[in-house]
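One structure is given here, and the rest of the page talks about it.
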Amino acid sequence: MSHIASEQDKAAPDRPLGLYVHVPFCASTCDFCAFYQTKPTADGVERFLAGVANEARLVSWARPVTTVFWGGGTPGLLAPRDLGRLADIVRSHCGGAPVEWSVEMAPASVTPQRLAALKAAGVTRISMGVQSFQPALLEGLGRQHTRAQIYRAYEHVRAAGFASVNLDLMFALPGQTETEWADDVREAVRLAPDHISTYCLTFEEDTALWVKLSQGRVKLDPEHEARLYEATWAQLREAGYAQYEVSNFARPGHACLHNLNTWRMHEWVGLGPSGASQYAGWRGANVADLDKWLELLGRGERATEDRVAATPAQLAEDALIFGLRMNEGVNLADWRARCAEAPWAMVDALLARCNAEGLTLVEGDRARLTDRGRLLADSVGAEVMEAFSVQPVVPA
Amino acid sequence: MPLTKYTRNFCIIAHVDHGKTTLSDRILEHTNTVAMRVMTDQHLDSMDLEKERGITIKSHPVTMTYRAKDGHDYKLNLMDTPGHVDFSYEVSRSLAACEGAVLLIDAAQGVEAQTVANAHLAFAQKLKVIPVINKIDLPSANLELCTRQLEDILSIPAEEAILASGKAGIGIEDILEAVVNRVPPPRWATYPQLRCLVFDSLYDSYRGCIAYVRVFSGTIKANDQMMLMSNGQKADVKEVGVFMPKMTKIASLGAGDVGYIVSSIKNTSDVKTGDTITLAARPATEMLPGYKEVRPMVFCGLYPLESDDYEKLKAALGRLRLNDAAFVYSSESSLALGFGFRCGFLGLLHMEIIQERIRREHDVDIISTYPSVIYHVIKHGGEKIDVDNPVNMPDPGTIEEIREPTIRASIILPNDSMGDILALIMEKRGVCEHTDTLDQNRVMLRCVLPLNEILVDFNDRLKSITHGYGSMDYELGDYIASDLVKMDIMINGDPVDAFSCIVHREKADAKGRQLCEKLAKIIPPQMFKVAIQAAIGGKIIARDNVREMRKDVTSKCYGGDISRKRKLLDKQKEGKKKMKQIGKVSIPPDAFIKVLQND
């Protein structure tokens, strides 16, 4: 994974700063999705764009933005003209050209016109939510695109000449066999994207799937999921995609910097309803409601809810929780230096136990999860939280 | 002429389901003791549980008036006795309050284990036994067999048997006439001082302890000062009365009477069954015979399923204890189960009944640990200690010998189950000492078994092997030295107290393996390796591993929303706090309960 670390250091020798924009519009709601989204209306989009402009003005931009990520919702659903307007707003606060600019798109709404607008604005990376190549499974997820649309969209994206292209896939879908999933991965590899994200279906509260789960219409099978994870890792490694996080794989030089920077506990500003920030010593998320977000902005406030101080100890804890999810792991020495008062003795004891049980590997300054440990990243994370919940002894 | 000439005190004894309660009801009806309009089925068994199980737990004496064929009015006191071996001391005290016993035999079932046990108790109290073959209207009634069994097994002349049916009201008059003519008038009536036998007691929240008594000699009335002869405790008599069957106040109780005494004593535990009440001013010099202190024989831990219910459980135990001096409890705490109580019972049925009453009448969900008996442990140097909780077993290195209680059981079973039952007895470390042929189809075994072996499933297996036809009764036997060991169950090396048990050395391996396997299966998959081991004095005899957790990872951690992910993990961490910590292992509290419940 050294290419990722060094590349990031080159890109932001100082302190990288991310900019996330949440574009909350979706044509329909997918059964698995718990992200904030609403139906697009001409008026809604107008007000949203005005809101982003207002919100960006309320941020004190201390340094140039390194990476941009538009997520949603479906940013690719905006009209080409509106994509350009949003890009203008973003660019006016970036202080130069970001090294990476990702935009999420759905296959059904990819058009040469939209792609051209994005390319012209400086977007470098397209992330496309394919999810599956199997029509029956797509339907089961409530997705609105067909297999043919995926291929057409991918051709358009490639033709537009973006530096990096990602395909999102989902596995452990109800009724999906291990063979069907291997076929989906193979099909994605055949298209030769630069980056592949594979997501195990997660049952989030307030989704249609969660309802099915609680009604017993679908069942969880952790053993099956674990096998799918392992098969995926092997299959993608074989195909030349290096894993750099639980669900993310890239060809050399194509890891998503924006995400890496959030997992490394750098700083980012989130704009738009439900956008989350970690910036200038605090973290929090905007209210997940377009109208309320606009209302608060109208009063000249950022619409952040549950804003908390991002203390060094908190950041060290999260650097461990999220860092361990990455294959590069987490640099313990760096964090020890940044936050000497964290309960490192507890952390060391935990890591020693995890090492002994084959869940982690500590080599030099770096701690990372083994393959088995990576499948248990949440449990390890909860243990890290537990270790940090012990109050350090403060000398009187 | 003595006042007692027209008084008869008798009881009805029978095996479960042989129709005792129905017959009692017919007798009450016949003597117009209970007006027809208030007559509900099974008048004497008033507790729900008693009705449901067809057993009597509390005494329900009743005084009736019967005009016999000789033209005289007789005062008949019917004692409804507890009908189970757990309460054999209570039964013996109820019998001691009588001069006669009606022995019921189900015409279709014949003599059963409890029939024999109860008949022997009655003989031991020198009661006149009146055999009654009940349910003769059943198509499957076999009178010839019943009369032969009476003679062969109980040595009662067949011609003494009365044919009856409680259900159809047949033979009721004959039974009443037999009571009048065959049962002798009250004994020991001429003793110079007051002597009342306490055969039961009841707690009343307004009046305190109400003693149920049979007066043998003298008279007692309100404002007397009474004395309990076992300990010399004195109290003021506030009220005396009889059971009609409702408690009815009267001026005084005299020789031969059965009734109740309300005194200044508040707690039932101060008025012990079998004690003799006399007058403080002119005390008797000898107690009535047969008094002994009742000690619990079977122990277990009772814990609330919800720890919030601890106070509720405590209150429930307190209230049950008020009415049941034989039931004892003290608080204890368990690593695995939290705060609860160590409880002592007379026997298995007693334990079951108390647990059931806690659940039903007091609405507390409880879990019980493995039942245990009292072991006598002789240490090197001769010191002897009683151990009723495996946790208190001393270090094996200090023990010279462990002695365990036995029972002498009578088991009646169909011939064709003989092989399987003998195998069961052997499996339970029992010895069969005697075999009697009852009739063409049935035999009676007399055997000695360790009490701790019959605690869990002996009766159930007896019933299942014999397709419900087998029956057992037992009395306590001697303590015998046995090769017993304390087995601990450990999770990653830390013992789980609730699963410690005392077992015979030869059975330890199998039991250890079974427990380890069960726990390993029930404890949910763990992130770290968790070993479940069974150990005797530090030596591991069985082991299993909890399944390792395979997958617990959230796939997508995006949009920079760290807080959202933290909340998820926080939930997980908080969930862990609700678990029982055994060393470093977090185990859901219900895992232990499931293992105990699965038995």
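Rundown of residues vs (1) in contact with a Pro (Cβ under 9 Å, 6 or more places away or on another chain); (2) among the hydrophobic types (A, V, I, L, M, F, W, C), yes/no style:
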| residue | (1), (2) |
| --- | --- |
| B:GLU151 | yes, no |
| B:SER155 | no, no |
| B:ILE162 | yes, yes |
| B:SER165 | no, no |
| B:ILE172 | no, yes |
| B:ILE175 | no, yes |
| B:ARG182 | no, no |
| B:TRP188 | no, yes |
Worksheet item: Which one is farthest from A:GLU155 (Cα to Cα) among residues in region A:71-116 that are among the aliphatic types (A, V, I, L, M) and open to solvent by 40 Å² or more (accessible area, probe 1.4 Å)?
Response: A:ALA97
Worksheet item: Out of curiosity, is B:ALA510 modelled with pLDDT of 95 or more, surrounded by fewer than 22 Cβ atoms within 10 Å (Cβ to Cβ), farther than 28 Å from B:ASP570 by Cα and not assigned by TED's automatic domain parsing to the domain that holds B:ILE402?
Response: no
Worksheet entry | A:VAL218, sole failed condition from (1) touching a residue at least 12 places away in the same chain (Cβ under 8 Å); (2) at the interface with chain B (Cβ under 10 Å from one of its Cβ atoms); (3) in contact with a Lys or Arg (Cβ under 6 Å, 6 or more places away or on another chain) | (2)
Worksheet item: Using beta carbons and a limit of 9 Å, which pairs, at least six apart or on different chains, have the first residue in region A:23-43 and within 12 Å of chain B (Cβ to nearest Cβ) and over 20 Å from A:SER102 (Cβ atoms) and the second one surrounded by fewer than 21 Cβ atoms within 10 Å (Cβ to Cβ) and of a type in the set (Gly, Ala, Ser)?
Response: A:PHE32/A:GLY142; A:PHE32/A:ALA208
Worksheet entry | Options B:THR466, B:THR435, B:THR406: the member that is more than 25 Å from B:VAL298 (Cα to Cα) and surrounded by 20 or more Cβ atoms within 10 Å (Cβ to Cβ) | B:THR466
Worksheet, complete the sentence: In region B:369-384, residues that are part of a strand (DSSP E or B) and open to solvent by 30 Å² or more (accessible area, probe 1.4 Å) total 3
Discussion item. Testing A:VAL65 on (1) modelled with pLDDT under 95; (2) not in a helix (DSSP H, G or I), one condition comes back false. Which one is that?
Written reply: (1)
Discussion item. Just the residues that are modelled with pLDDT of 95 or more and either touching a Lys or Arg at 6+ places or on another chain (Cβ under 7 Å) or open to solvent by less than 10 Å² (accessible area, probe 1.4 Å) (or both), please, taken from region B:228-253.
Written reply: B:LEU228, B:ALA235, B:VAL237, B:GLU239, B:VAL240, B:GLY241, B:ALA251, B:SER252, B:LEU253
Discussion item. Among the numbered criteria (1) open to solvent by 10 Å² or more (accessible area, probe 1.4 Å); (2) within 24 Å of A:ASN286 (Cα to Cα), which one does A:VAL65 miss?
Written reply: (1)
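To keep it simple, each residue is scored yes or no on (1) in contact with a strand residue (DSSP E or B) (Cβ under 9 Å, 6 or more places away or on another chain); (2) open to solvent by 20 Å² or more (accessible area, probe 1.4 Å).
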position	(1), (2)
B:PRO184	yes, yes
B:THR190	yes, yes
B:TYR206	no, yes
B:ILE210	yes, no
Worksheet entry | Residues satisfying the stated conditions in region B:342-362, i.e. open to solvent by 20 Å² or more (accessible area, probe 1.4 Å) and farther than 21 Å from B:GLU453 by Cβ | B:ARG342, B:GLU356, B:ARG357, B:ARG359, B:ARG360, B:GLU361, B:HIS362
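Inside region B:222-257, can you point out the residues that are part of a strand (DSSP E or B) and of a type in the set (D, E, K, R)?
Hits for region B:222-257 are B:LYS234, B:ASP236, B:LYS238, B:GLU239, B:LYS249.
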Item to complete: For residues that are closer than 30 Å to A:SER214 by Cα and among the charged types (D, E, K, R), scanning just region A:23-80, find the one that is farthest from the chain's Cα centre (by Cα).
Response: A:LYS39
Fill in: The listed residue being touching a His at 6+ places or on another chain (Cβ under 9 Å), of a type outside the set (D, E, K, R) and buried (at least 20 other Cβ atoms within 10 Å of the Cβ), out of A:TRP335, A:TRP268, A:TRP263
A:TRP268
Worksheet item: Which residues, taken from region B:188-201, are charged (D, E, K, R) and modelled with pLDDT of 95 or more?
Response: B:ARG195
Worksheet item: For A:LEU173, are the conditions met, namely being within 12 Å of chain B (Cβ to nearest Cβ), more than 19 Å from the chain's Cα centre (by Cα) and either buried (at least 20 other Cβ atoms within 10 Å of the Cβ) or under 20 Å from A:ALA136 (Cβ atoms) (or both)?
Response: no
Discussion item. So if I check each of A:THR198, A:THR232, which one is within 14 Å of chain B (Cβ to nearest Cβ), in contact with a helix residue (DSSP H, G or I) (Cβ under 7 Å, 6 or more places away or on another chain), β-branched (Val, Ile, Thr) and part of a helix (DSSP H, G or I)?
Written reply: A:THR232
Practice prompt. Starting from region A:294-313, take each residue that is over 16 Å from A:GLY272 (Cα atoms) and list its partners that are open to solvent by 80 Å² or more (accessible area, probe 1.4 Å) and in a helix (DSSP H, G or I), counting only C-beta distances under 7 angstrom and pairs at least six apart or across chains.
Written response: A:PRO312/A:ARG338
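Every residue, every condition in (1) within 14 Å of another protein chain (Cβ to nearest Cβ); (2) at pLDDT 95 or above, yes or no:
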| site | (1), (2) |
| --- | --- |
| A:ARG299 | no, no |
| A:THR304 | yes, no |
| A:PRO312 | no, no |
| A:LEU324 | yes, yes |
| A:ALA340 | no, no |
| A:GLU363 | no, no |
| A:ARG374 | yes, yes |
| A:ALA382 | yes, no |
| A:ALA396 | no, no |
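If you scan region A:262-288, which residues turn out to be of a type in the set (Lys, Arg) and within 10 Å of another protein chain (Cβ to nearest Cβ)?
Correct list: A:ARG283 only.
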Worksheet item: For region B:289-304, what are the residues that are at pLDDT below 85 and either open to solvent by 60 Å² or more (accessible area, probe 1.4 Å) or of a type in the set (S, T, N, Q) (or both)?
Response: B:LYS292, B:GLU293, B:ARG295
Discussion item. I'd like to verify a number: residues in region A:235-260 that are open to solvent by 10 Å² or more (accessible area, probe 1.4 Å), in contact (Cβ under 8 Å) with a residue 40 or more places away in the chain, part of a helix (DSSP H, G or I) and over 27 Å from A:GLN37 (Cβ atoms), how many?
Written reply: 1
Worksheet, complete the sentence: Scanning region B:129-157 residue by residue, those crowded, with 19+ Cβ neighbours inside 10 Å and of a type in the set (D, E, K, R) turn out to be B:LYS135
Worksheet entry | Criterion (open to solvent by 10 Å² or more (accessible area, probe 1.4 Å), assigned to a helix (DSSP H, G or I) and outside the structural domain of B:VAL215 (by TED's automatic domain parsing)) met by exactly one of B:SER94, B:SER88 | B:SER88
Worksheet item: Within region B:572-584, is there a residue that is buried (at least 19 other Cβ atoms within 10 Å of the Cβ) and in contact (Cβ under 8 Å) with a residue 60 or more places away in the chain?
Response: yes
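Is it true that A:LEU167 is open to solvent by less than 70 Å² (accessible area, probe 1.4 Å), in contact with a His (Cβ under 8 Å, 6 or more places away or on another chain) and either not in a helix (DSSP H, G or I) or not hydroxyl-bearing (Ser, Thr, Tyr) (or both)?
In short, yes.
The values are calculated or read from the model by the stated rules, or taken from the named source; none is laboratory data. Note that the structure is predicted; figures quoted are calculated from it, not measured. Positions of Cβ are backbone-derived with ideal geometry, glycine not excepted, and every protein chain shown enters the neighbour counts. Ligands, DNA and RNA are excluded from the accessible area calculation, which covers all protein heavy atoms including side chains. Shrake-Rupley method; radii C 1.70, N 1.55, O 1.52, S 1.80 Å.
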